[in-house]
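As structure tokens, the structure follows; a few thoughts come after it.
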Amino acid sequence: MKIVISITAKRIVHRSLQEKGNPGTASPSFSISSLCCWRRAFSGASYDYREKLSNNELRDMKLDDAIALFVEMVQSRPLPSIVDFSKLLSAIAKMNKFDIVISLGGKMQNLGIKHDLFTYSIFVNCFCRSSQLSLALAILGKMMKLGHQPSIVTLSSLLNGYCHGNRISDAVALVDQMVKMGYQPDTVTFTTLIHGLFLHNRASEAVALVERMVLKGCQPNLITYGVVVNGICKRGDTDLALNLLKKMDQGKIEADVVIYNTVIDGLCKYRHVNDALDLFNQMENKGIRPDVFTYNSLISCLCNYGRWSDASRLLSEMIEREINPDVVTFNALIDAFVKEGKLLEAEKLYEEMIKRSIDPSIFTYNSLINGFCMHNHLEEAKDMFEFMVSKDCLPDVMTYNTLIKGFVMCKKVEQGMELFREMSQRGLVGNTVTYNILIQGYFQTGDCDMAQEVFKGMVSCHVPPSIITYSILLDGLCNYGKLEKALVIFEDLQKSEMELDIFTYSIILQGMCKAGKVEDGWDLFCSLSRKGVKPDAVTYNTIISGLCSKHLLQKANALFRKMKEDGILPNDRTYNTLIRAYLRDGDKEASAGLIKEMRSCGFEGDASTIGLVTNMLHDGRLEKSFLDMLS
């Protein structure tokens with residue numbers, strides 16, 4: 001490692017440090033004269049820099065005061081010790097003002113103040129934290145050349161830089177090299193590497209490293225386990241997370257509320273709600289007090305499962321414990337109630353929010369607007385929209401999509417289009433969902449030309465159409481007798497990289513059969529297996545209906561048998577289509593057999609079949625027994 005660092009240092013240190021005299025070449029430059037402004041503002045204090053460097057003072061110090069203190073220190077005679085400067089630089093680094101630390105370090109060097117191991121370590125950390133790994137290595141090379149051997153703290157800073165700089169392999173190699181050089185990696189070192197491995201999706205190595213820590217005599221602490229639990233829960237491996245909790249118990253390490261929250265949230269996200277509730281009870285039995293995050297995860301999950309009584313119980317429980325519900329709690333409940341059609345309950349929760357002086361978020365408003373639109377309360381939806389704007393909660397694309405969809409569902413497409421234009425005026429760009437809603441809306445109101453215009457606008461605005469967009473477009477064109485235009489788009493789709501699903505193929509098959517092009521439809525149907533697309537009941541019904549319309553009953557019956565052989569269960573539409581076809585063809589025996597089979601499957605004759613049988617009874621072509629079979 002020393003050779004590698006020395007080579008890097010020769011390339012970088014001379015250019016970055018010796019020529020310019022400032023480790024932070026890319027950082028802002030502070031001149032002593034300009035810094036004196038801060039000193040004048042700060043010089044009214046009667047105590048000297050030593051008192052200001054006390055822990056209490058540094059902890060509460062603001063950046064301007066810290067820089068003013070630096071000016072005071074460099075102008076003091078005799079100069080403060082490097083230890084005093086290190087305290088100040090450390091305090092500024094904790095403010096995450098890494099560029100300023102680097103710049104002040106350069107000023108110290110210009111003034112002839114020699115850095116020690118501790119200040120060099122601070123600079124290495126600052127360069128790493130500001131994503132300047134090459135300069136961190138240069139500083140490390142310089143300090144080693146000057147005879148300062150890096151401490152475990154210095155190398156841990158470099159390790160952190162590797163982990164966050166997409167150089168995880170270098171991070172692993174660094175820890176191995178540290179061991180070879182006689183360093184004993186501590187809990188911080190291992191935890192940093194574990195976190196880095198998770199960041200780079202190397203979870204199995206991260207978990208194995210915990211075992212390696214124990215073998216090396218370095219006991220994982222609460223922070224280590226917290227990092228591991230968080231990493232594996234994000235991957236959905238909740239079983240492993242639960243096992244780690246047991247290991248912590250065995251190692252006499254008591255998990256805190258944060259770790260329990262992480263596992264509970266993971267269980268909730270991956271739909272293990274009962275396991276989450278069990279862990280919640282275990283947590284309470286151990287005397288660990290849940291917080292608002294714990295309750296939010298559980299309440300949200302219970303709402304998603306429609307377990308209203310359990311969610312309400314937890315809400316009451318948290319209020320009794322004086323754990324105040326926050327905007328996340330209310331959002332979860334309001335959204336769930338809205339999706340279940342319980343708009344009145346959602347409104348009451350919103351009112352409770354306001355009473356508790358909890359400011360609704362954009363998520364709250366979007367949920368309520370969605371609820372109003374679902375119940376066709378467009379005026380209330382618009383009022384809520386205007387109210388949120390008056391509260392400086394600016395609507396987003398989802399807000400507009402929800403409101404536009406509400407108007408479209410009520411056949412008020414033009415008002416939806418007005419909202420779309422207003423959205424553009426606000427600087428918001430409609431997404432694929434926005435255009436899908438409008439295209440479908442225009443087709444539903446019979447304006448085929450405008451639907452196509454919206455699609456053209458979508459393409460010209462470089463908004464990528466999805467398979468849903470194309471399905472809406474193809475379905476609309478086929479329904480309005482524009483099969484040829486639909487087939488041109490369909491051909492282009494097949495040549496594209498977009499993966500077509502059976503839903504899209506079924507739309508084209510329906511269009512072909514509706515236009516009387518049953519043979520073309522049959523050819524396309526037969527090609528599905530070669531394309532790796534499996535037909536569903538809708539696809540089979542479409543082709544069977546098309547074949548029956550052309551009186552190709554033998555072919556239709558063969559396809560009916562194949563449908564069952566392929567494991568696709570016929571439904572009421574399948575049976576009714578075939579029964580009517582055989583009745584029209586005069587085959588009473590085949591019709592009767594299909595009626596019996598249909599009834600044994602729990603299906604009934606539909607209005608069209610009953611109407612046909614009734615008409616045939618009236619003109620004497622059928623006996624009453626057929627109607628009795630259908631009833």
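Bear in mind that the values in this text are calculations on the coordinates, not laboratory data. Source: prediction; values computed, not measured. Counting neighbours? That spans all protein chains shown, and the Cβs are built from the backbone with ideal geometry, glycine included.
Assorted remarks:
- Fully extended contour minus Cα-Cα distance, from GLU211 to ASN376, at 0.36 nm per residue: 53.5 nm
- Using alpha-carbon coordinates, inclination of helix 203-215 to the longest axis of the chain, degrees: 40
- At R0 = 25 Å, FRET efficiency that the Cβ-Cβ distance of TYR480 and SER529 yields, to 0.05: 0.25
- This structure gives log10 I(q)/I(0) by the Debye sum over Cα atoms at q = 0.05, 0.10 Å⁻¹, computed directly, and of [x] -0.52, -1.04; [y] -0.44, -1.18; [z] -0.39, -1.11 that value is listed as [y].
- Between LYS624 and CYS601, the FRET efficiency estimated from the beta carbon spacing at R0 = 25 angstrom works out to 0.60.
- Partners for LYS624 among lysines (Cα-Cα distance below 25 Å; same-chain residues under 8 apart left out): LYS588, LYS596
- Dipole size of the chain about its Cα centre, with +1 on Lys/Arg Cβ and -1 on Asp/Glu Cβ: approximately 2580 debye, rounded to the nearest 20.
- Extreme residue, positive dipole direction of the chain, given options VAL433, THR192, MET450 (C-beta unit charges): THR192
- Which listed pairs, of LYS382/LYS485; LYS269/LYS391; LYS87/LYS107; LYS87/LYS114; LYS339/LYS405, have C-alpha distances above 27 Å, in listed order: LYS382/LYS485; LYS269/LYS391
- With contacts taken as Cα pairs under 8 Å at a separation of at least 6 residues, the chain carries a relative contact order of 5 percent.
- Straight Cα distances below 15 angstrom link LYS517 to the aspartates and glutamates GLU484, with same-chain residues fewer than 8 positions distant left out.
- Think of the range 209-368 as having a plus end and a minus end, set by charges on the Cβ of Lys, Arg, Asp and Glu; of ILE288, LEU222, LEU209, LEU209 sits farthest toward the positive end of this dipole.
- Extension gain (nm, one decimal) between GLU499 and LYS339, 0.36 nm per residue minus Cα-Cα: 54.6 nm
- Sites CYS461 and GLU284, calculated FRET efficiency, Cβ-Cβ separation with R0 56 Å, nearest 0.05: 0.55
- Theoretical ellipticity at 222 nm over the chain - DSSP helices of four or more residues, -39500 (n - 2.57) apiece, nearest 500: -22500 deg cm²/dmol
- Over the range 472-560, Cα pairs under 8 Å with separation of 6+ residues give a relative contact order of 25 percent.
- Extending 7 Å from Cα along the Cβ direction at SER357 and again at LYS411 yields two label points whose distance is 5.0 nm.
- The range 499-517 residues near the modelled ALA537 label - backbone nitrogen below 16 Å, point 7 Å along Cα→Cβ: 503
- Protection proxy ranking for 411-418, 529-536, 570-577, using the average of other Cβ atoms within 10 Å per residue and placing the highest first: 570-577, 411-418, 529-536.
- Computed from Cα positions, the angle between helix 117-129 and the longest principal axis of the chain comes to roughly 20 degrees.
- Length released on extending from ASP249 to ASN571, taking residue separation times 0.36 nm less the Cα-Cα span: 110.4 nm
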